[in-house]
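Q: Supplied in structure tokens, the structure appears directly below.
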Amino acid sequence: MCIFQQTGNSIINCVCQLINRAFKAYLAIKVGRKGREEKMNRYDRQERVKQIGQIGQSKIRQATILIAGVGALGTYAAEQLTRAGIGHLILVDPDTVTLTNLQRQSLFTEADVASHKLKVTAAKEHLTAINSAVDIQVYPEPLTDSHLADLTFDLTLDCLDNYSARDLLNRAAIIHGFDYVFASCAGSFGNVMPISPIKHPCLNCAFPNLADLKRTDCDLIGVNTALVPLVSAVQVSVALHYLVDPSTVDFDHLITLDNWSLSQQKFQVLKAPDCPTCANRNWSVTKSTDQESLRVLCGTQTYAVTQSGKHLVTATKQLLAAHKVPFNVFKNFIQFHWMGSSMSLFKNGKLLLYGIADLQTADERYQQFKAALSTYQEVQSS
Ligand SMILES: [Zn+2]
């Protein structure tokens with residue numbers, strides 16, 4: 001770049017060259033400083049928010065959040081927290097990415113659909129590309145009490161899609177004494193409520209018809225695409241507030257949003273003295289949501305069953321190798337395709353079948369796989 005044009009006069013030319021060199025040196029210093037500032041102070045705009053500041057940002061950087069469900073709400077929450085500079089994320093979701101997810105779930109792409117990628121795996125890849133400083137642990141399995149009892153975190157976000165899992169989370173929060181932020185989306189209507197169930201209302205206090213909601217888990221009424229980021233922004237706002245200053249979080253109100261009528265309301269929720277969940281704790285958390293028979297994970301096209309037997313993963317690897325079927329090996333499970341269906345088999349015997357339209361077809365695929373494995377084991381032992 002030249003700010004002075006050279007002339008025929010040698011003295012003037014010399015002065016011009018000196019000025020140009022000085023100007024280039026100034027630009028280089030300015031650009032270099034700007035680059036260093038951006039690198040050093042990535043969170044400058046958030047630190048300028050008076051309620052957060054550098055101290056609040058430091059708290060966010062040191063915090064761990066467990067995101068239960070990496071679907072519509074979970075992907076938006078994970079992305080916002082990653083951009084906000086969260087220190088650690090724990091992602092729990094058993095599902096793979098399907099085409100119908102893309103309408104409302106951020107982070108995922110058509111390439112993820114084509115490769116039948118696990119949601120937690122795809123999310124981690126995209127989140128790491130956004131902010132490589134965030135530590136992300138992934139659990140490609142249904143949420144169980146073990147996650148909530150054994151993992152260390154500061155807060156959980158309820159980004160689940162069914163009330164059976166929400167009931168599990170609510171009870172675990174009471175037993176293990178942690179706080180979480182409930183959120184839900186259906187149609188054009190969303191809910192958000194911070195829950196600290198030891199001293200404040202639990203989810204069952206807010207929704208005394210929780211048992212009925214569990215029975216209607218699979219009756220999806222769809223969700224407006226634009227509702228999800230709206231509800232997620234409120235949920236993540238509560239989360240950041242909690243990490244920075246938990247003593248001022250309001251645990252006694254349910255926030256409702258409607259992105260069609262564009263209305264927002266806040267309802268006070270009282271801790272029910274006769275709440276069957278938080279007032280009367282004569283129950284224990286189910287260790288797992290799995291059952292012996294094949295069942296649908298509500299709101300998804302994923303089916304789960306826990307198989308009995310020993311060395312199932314080893315036997316399945318041998319079966320797949322014998323049929324020249326490729327498979328991916330992970331720490332606790334293997335992933336493969338069998339008769340056109342994507343499946344994951346875990347070391348504890350749990351089998352997940354993905355992307356199947358109905359339970360009957362899923363059961364047929366499961367029985368085919370089970371029969372093939374059984375036949376292979378019989379041949380090997382004879
Ligand atoms: Zn309660």
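The values are calculated or read from the model by the stated rules, or taken from the named source; none is laboratory data. The model shown is predicted, which means the values in this text are computed figures rather than measured ones. A quick note on method: Cβ atoms are made from the backbone with ideal geometry, for glycine too, and the neighbour counts reach across all protein chains shown.
Q: For the range 238-265, enumerate the residues that are farther than 18 Å from residue 202 by Cα, not β-branched (Val, Ile, Thr) and not in a strand (DSSP E or B).
A: Those that are farther than 18 Å from residue 202 by Cα, not β-branched (Val, Ile, Thr) and not in a strand (DSSP E or B): 240, 241, 243, 245, 259, 260, 261, 262.
Q: Also, I was wondering about something else. Just checking, which of 257, 240, 262 is over 30 Å from residue 60 (Cα atoms), more than 14 Å from the ligand (Cβ to nearest atom) and either at pLDDT 95 or above or assigned by TED's automatic domain parsing to the domain that holds residue 173 (or both)? Lay out the reasoning, then the answer.
A: Numbers: 257 fails: over 30 Å from residue 60 (Cα atoms); 240 fails: over 30 Å from residue 60 (Cα atoms).
262 is the lone residue from the list that is over 30 Å from residue 60 (Cα atoms), more than 14 Å from the ligand (Cβ to nearest atom) and either at pLDDT 95 or above or assigned by TED's automatic domain parsing to the domain that holds residue 173 (or both).
Q: Out of the residues in the range 340-382 that are without any contact (Cβ under 8 Å) to a residue 40 or more places away in the chain and buried (at least 20 other Cβ atoms within 10 Å of the Cβ), which is farthest from residue 316 (Cα to Cα)?
A: The first filter runs over the range 340-382 and keeps only residues without any contact (Cβ under 8 Å) to a residue 40 or more places away in the chain, leaving 340-341, 343, 345, 347, 358, 360-361, 364-365, 367-369, 371, 374-375, 378-379, 381-382.
Right, trim to buried (at least 20 other Cβ atoms within 10 Å of the Cβ) and you get 341, 343, 345, 369.
On the way: 341: 15, 343: 11, 345: 8, 369: 9 Å.
The residue in question is 341.
Q: List the pairs whose first member sits in the range 317-339 and is in contact (Cβ under 8 Å) with a residue 60 or more places away in the chain and in a strand (DSSP E or B), whose second member is of a type in the set (D, E, K, R) and surrounded by 11 or more Cβ atoms within 10 Å (Cβ to Cβ), and whose Cβ atoms are under 9 Å apart, counting only residues at least 6 apart or on separate chains?
A: Going by the 9 Å Cβ cut-off, the qualifying pairs are 333/141; 333/347; 333/350.
Q: Could you run through the range 199-237 and say how many residues are within 16 Å of the ligand (Cβ to nearest atom), in a loop (DSSP other than H, G, I, E, B) and modelled with pLDDT of 95 or more?
A: So the answer is 4.
Q: Related question: Restricting attention to the range 60-71, does a residue exist that is at pLDDT below 90 and not small (Gly, Ala, Ser)? Can you show your working first?
A: Of the residues in the range 60-71, the ones at pLDDT below 90 are none.
Taking every residue of the range 60-71 in turn, none turns out to be at pLDDT below 90 and not small (Gly, Ala, Ser).
Q: I've got another one for you. Exactly one of these conditions fails for residue 166: (1) within 16 Å of the ligand (Cβ to nearest atom); (2) at pLDDT 95 or above. Give me its number.
A: In the conditions (1) within 16 Å of the ligand (Cβ to nearest atom); (2) at pLDDT 95 or above, residue 166 misses (2) alone.
Q: For the range 32-145, give me every one of the helices (runs of 4 or more DSSP H) that falls completely inside it and has 2 or more residues that are in contact (Cβ under 8 Å) with a residue 24 or more places away in the chain.
A: Working: elements: 44-47, 53-62, 72-84, 110-114, 119-130.
Output list reads 53-62, 72-84, 119-130.
Q: Same structure again: For the range 186-198, which positions are touching a residue at least 60 places away in the same chain (Cβ under 8 Å), assigned to a loop (DSSP other than H, G, I, E, B) and away from the ligand (no atom under 11 Å from the Cβ)?
A: Listed by number, the list holds a single entry, 188.
Results for (1) among the β-branched types (Val, Ile, Thr); (2) in contact with a strand residue (DSSP E or B) (Cβ under 6 Å, 6 or more places away or on another chain); (3) on the phi > 0 side of the Ramachandran plot, shown as yes or no for each residue.
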residue: 82; (1), (2), (3): yes, no, no
residue: 95; (1), (2), (3): no, yes, no
residue: 107; (1), (2), (3): no, no, yes
residue: 110; (1), (2), (3): no, no, no
residue: 133; (1), (2), (3): no, no, no
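Q: How many of the residues in the range 169-181 are within 12 Å of the ligand (Cβ to nearest atom) and either aromatic (Phe, Trp, Tyr) or within 18 Å of residue 65 (Cα to Cα) (or both)? Let's see the steps before the verdict.
A: If we filter the range 169-181 for residues that are within 12 Å of the ligand (Cβ to nearest atom), which is where we start, we get 170-171, 173-174.
Imposing the further condition that a residue be either aromatic (Phe, Trp, Tyr) or within 18 Å of residue 65 (Cα to Cα) (or both) reduces the set to 170, 173-174.
The qualifying residues number 3.
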